[in-house]
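**Student:** This is the structure I want to talk about, given as structure tokens.
The values are calculated or read from the model by the stated rules, or taken from the named source; none is laboratory data. From a predicted model like this one, the values you see are computed outputs, not experimental measurements. Virtual Cβ from ideal backbone geometry, glycine too; neighbours counted across all protein chains shown. To get the accessible areas, we keep the full protein, side chains included, count just its heavy atoms, and leave off ligands, DNA and RNA. Shrake-Rupley method; radii C 1.70, N 1.55, O 1.52, S 1.80 Å.
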Amino acid sequence: MPRVEYSYRYVVTGDRLRARITWNGVTVTISTGFRVVREKFDKSRCTRNSTHFGISATEINKALESLESKVAHLFARCIPTREQVLAVNDLHADGRPNAPTLDQLWQAYLADGKTRQWAPATSRARTTVWRLCRKWNPDIRADEITHDTLDKFVAWLFSNSLTSVTYRNSCVERHAKHLLSLLLWASRKKLITADNFQGWSPVIKKTDRQVTYLTAEELNRIEALTLAEDSTLGIARAYLLLCSYTSLRFSDAYALRWGNVDFKADMIRVVTQKTSSTLGIDLNTHSRAILKACQGSGTPKGSDYVLPRITCPKANRDMKKLALLAGIDTPVTVTEYVGGERRTRTVPKHELVSTHIGRRSFVVMCLSRGIAPQIVMKWTGHKHYTSMLPYINISDTSRHTAMRLLDT
């Protein structure tokens, strides 16, 4: 077979480095998977001892040599088609199939999530990390991902290379764990064979988990507010109180139908939106009264939903207003880390009220009144005892304070 002549050169568009290949009147541009500082790139290689968006020149130059070898191997075997050249990154230098790129894994993972019917919040969170990975290094091969690579992803998030968003350490940790969950899924599915990432966990400075909750007295103050039940504040209050006395998440309260409520058995039976857990939650005086009040009122005529419709963002805003109207303004100090910087702020408690505070309040009230954690976990659906520890620490303090009342 006659030798196929082709030209090969690199082009930098913005900061994206691509390879442009021309042969027999055909031109194809392929991604190298790297971003470079234009002034530190000399035609075909990064200048010595330079660094490009957290990646050393040595690492980039080695990858460029590998790409050139793949192209040379392809043209030595045949007169390639456009599609074959575009897929050159899918081959090793010797022509063997390569591992999928990080971007390809994400697309397969998210597609699998639709099949498995992830909760909307889970889908949104993982889609966010996919978009971040596309900005970071979408073309990196799965078999090239090591502990060091994952550490670089965490460092990239902190550096805010492509975004003006300042990520708190807790947020960076969640993003990193979503990326790790992708790799573990790909390994289980046999989409990748390398396991260089196994055993990795992000090393991120953070504070102990802070739990904001409403006391029984604060809930009573919110319940005593004079509101029109069909107003948005009245609707938000119904959600807040029902979640506080049943442990339901907002998503489960929103989806709650009368078919889930069994007054004869004095119980709510639900399959949770987030974890698909089947729960049986016993009713108490408070939750039973809330449900009875909802019967025949508040919901659109003919609707099978227990509570009127309200969006989560609107409910969040209205619950803060409810807490403000109820005078829940105790100063609360919030401590968090952004990178290595410790940030502390003090805000009135009503600013920290959200749709999830009801579930937290339920757990704290139960534990502080001596209900065994194992029983509480049956109602809440928590699967691991460790997830209850922040609440147990709070309840121990509450019980100590309560005992001091006997001293007077």
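**Student:** Quick one: how many residues across the stretch 169-190 are open to solvent by 80 Å² or more (accessible area, probe 1.4 Å) and farther than 17 Å from Val129 by Cβ? Talk me through it step by step, then tell me what you get.
**Tutor:** So the first thing to find is which residues in the stretch 169-190 are open to solvent by 80 Å² or more (accessible area, probe 1.4 Å), and the list is 174, 177, 188-190.
Subsequent filtering for residues that are farther than 17 Å from Val129 by Cβ retains 188-190.
Count: 3.
**Student:** Which residue out of Leu227, Leu183, Leu179, Leu248 is touching a Cys at 6+ places or on another chain (Cβ under 9 Å) and of a type outside the set (Lys, Arg)?
**Tutor:** So the residue among Leu227, Leu183, Leu179, Leu248 that is touching a Cys at 6+ places or on another chain (Cβ under 9 Å) and of a type outside the set (Lys, Arg) is Leu179.
**Student:** Taking the stretch 16-40 as the region of interest, how many residues are of a type outside the set (Gly, Ala, Ser), farther than 22 Å from Thr149 by Cα and open to solvent by less than 20 Å² (accessible area, probe 1.4 Å)? Full working, then the answer.
**Tutor:** Narrowing the stretch 16-40 to residues of a type outside the set (Gly, Ala, Ser): 16-18, 20-24, 26-30, 32, 34-40.
Imposing the further condition that a residue be farther than 22 Å from Thr149 by Cα reduces the set to 20-24, 26-30, 38-40.
Of the ones still in play, those that are also open to solvent by less than 20 Å² (accessible area, probe 1.4 Å) are 21, 23, 28, 30.
Residues in the stretch 16-40 being of a type outside the set (Gly, Ala, Ser), farther than 22 Å from Thr149 by Cα and open to solvent by less than 20 Å² (accessible area, probe 1.4 Å): 4 in total.
**Student:** Of everything in the stretch 41-79 that's without any contact (Cβ under 8 Å) to a residue 40 or more places away in the chain, open to solvent by 30 Å² or more (accessible area, probe 1.4 Å) and in a loop (DSSP other than H, G, I, E, B), which residue is nearest to Leu150 (Cα to Cα)?
**Tutor:** Step by step, filter the stretch 41-79, then rank; the result is Asn49.
**Student:** In the stretch 36-67, how many are within 15 Å of Val12 (Cβ to Cβ) and polar (S, T, N, Q)?
**Tutor:** 4
**Student:** Please enumerate the residues belonging to the stretch 192-228 that are aromatic (Phe, Trp, Tyr) and more than 30 Å from Tyr109 (Cβ to Cβ).
**Tutor:** Of the residues in the stretch 192-228, the ones aromatic (Phe, Trp, Tyr) are 197, 200, 213.
Tyr213 - this is the single residue of the stretch 192-228 that is aromatic (Phe, Trp, Tyr) and more than 30 Å from Tyr109 (Cβ to Cβ).
**Student:** Which ones in the stretch 347-373 are polar (S, T, N, Q) and modelled with pLDDT under 90?
**Tutor:** Listed by number, the list holds a single entry, Ser368.
**Student:** Being of a type outside the set (Gly, Ala, Ser), at pLDDT below 85 and either farther than 27 Å from Arg45 by Cβ or open to solvent by 60 Å² or more (accessible area, probe 1.4 Å) (or both) narrows it down to one of Asp112, Asp90, Asp94, so name that one.
**Tutor:** Asp94 is the lone residue from the list that is of a type outside the set (Gly, Ala, Ser), at pLDDT below 85 and either farther than 27 Å from Arg45 by Cβ or open to solvent by 60 Å² or more (accessible area, probe 1.4 Å) (or both).
**Student:** Which numbered condition in (1) surrounded by fewer than 16 Cβ atoms within 10 Å (Cβ to Cβ); (2) out of contact with any strand residue (DSSP E or B) (no Cβ under 9 Å at 6 or more places or on another chain); (3) among the charged types (D, E, K, R); (4) modelled with pLDDT of 90 or more is the only one that Asp262 fails?
**Tutor:** Status for Asp262: all satisfied but (2).
**Student:** Sticking with this structure for a sec: Among the residues in the stretch 314-334, are any of a type outside the set (Phe, Trp, Tyr), under 28 Å from the mean Cα position of the chain (by Cα) and under 24 Å from Lys378 (Cβ atoms)?
**Tutor:** No, that holds for no residue.
**Student:** Sticking with this structure for a sec: Which condition from (1) touching a Leu at 6+ places or on another chain (Cβ under 8 Å); (2) open to solvent by 50 Å² or more (accessible area, probe 1.4 Å) is the one that Ala253 breaks?
**Tutor:** Ala253 satisfies every listed condition except (2).
**Student:** Identify the single condition in (1) open to solvent by 20 Å² or more (accessible area, probe 1.4 Å); (2) closer than 23 Å to Ile328 by Cβ that Glu218 does not satisfy, given that it satisfies every other one.
**Tutor:** Of (1) open to solvent by 20 Å² or more (accessible area, probe 1.4 Å); (2) closer than 23 Å to Ile328 by Cβ, only one is false for Glu218: (1).
**Student:** Taking the condition of being among the aliphatic types (A, V, I, L, M) and closer than 29 Å to Ser66 by Cβ, how many residues in the stretch 112-142 meet it?
**Tutor:** Within the stretch 112-142, residues that are among the aliphatic types (A, V, I, L, M) and closer than 29 Å to Ser66 by Cβ number 4.
**Student:** Still on this model: When you scan the stretch 6-40, how many residues do you find that are assigned to a strand (DSSP E or B) and either closer than 19 Å to Ile140 by Cβ or of a type in the set (Val, Ile, Thr) (or both)?
**Tutor:** 20
**Student:** Now, a different point. It is to be established whether one or more residues within the stretch 231-243 are farther than 30 Å from Lys177 by Cα and in a loop (DSSP other than H, G, I, E, B).
**Tutor:** Scanning the stretch 231-243 turns up at least one residue that is farther than 30 Å from Lys177 by Cα and in a loop (DSSP other than H, G, I, E, B).
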